Amino acid sequence: MNIQKFAKEEIALRQIETALELLSRQGDPFSIITLAGAAEEILGGLLQERSGNQGYHGALGSIFQVLRPGSPKGQAREGLAGHELGGFVHLDPDQEALFLLGRAIEDYIALAGAPSASMLEFMREVSLQGR
């Protein structure tokens, strides 16, 4: 057994970077959703610890909210829960992947203070698509 100590921020960064790599190769959107959601969960917990606020929902007003048109306020962080029915999930996987990846990146920047080069590229591409 090789148990080591890993920083949660580094784990979340690696999840985001892997999700960005999958996205650039047009990989499986469900894998991107899973990685981005896991990173957002870790980063959200770290941001809550930092702020001492149990209800933390992002330091920035998310520019990625526009990727979920028609979603009531507050439902954005619920993720897939509002779209589940029985054994099925109703969503646009590509749009959900972009949304969750954007939220994870937003949380990473709030925690670390600066995005990576691949995060900057993602944000640039998303802003160009929104025009």
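The values are calculated or read from the model by the stated rules, or taken from the named source; none is laboratory data. Remember, predicted model here, so these are calculated numbers, not experimental data. Neighbour counts run over all protein chains shown; Cβ positions are idealised from the backbone, glycine included.
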Requested in this report: Find all pairs meeting these conditions: Cβ atoms under 7 angstrom apart; at least six residues apart or on different chains; first residue within the range 23-45 and surrounded by 23 or more Cβ atoms within 10 Å (Cβ to Cβ); second residue among the aromatic types (Phe, Trp, Tyr).
Outcome: 43/108
Query raised in the report: Does residue 10 satisfy being loosely packed, with under 13 Cβ neighbours inside 10 Å, at pLDDT 85 or above and either within 13 Å of the chain's Cα centre (by Cα) or not in a loop (DSSP other than H, G, I, E, B) (or both)?
Result: yes
Query raised in the report: Pairs, please: C-beta under 6 Å, at least 6 apart or cross-chain, first residue in contact (Cβ under 8 Å) with a residue 12 or more places away in the chain and over 22 Å from residue 25 (Cα atoms) and in the range 106-130, second in a helix (DSSP H, G or I) and among the charged types (D, E, K, R)?
Result: 107/40
Query raised in the report: Just checking, which of 16, 63, 32 is out of contact with any Phe, Trp or Tyr (no Cβ under 7 Å at 6 or more places or on another chain) and at pLDDT 95 or above?
Result: 32
Query - Qualifying residues in the range 101-121 (those that are in a helix (DSSP H, G or I), surrounded by fewer than 21 Cβ atoms within 10 Å (Cβ to Cβ) and of a type outside the set (Asp, Glu)) - the one farthest from the chain's Cα centre (by Cα) - result: 117
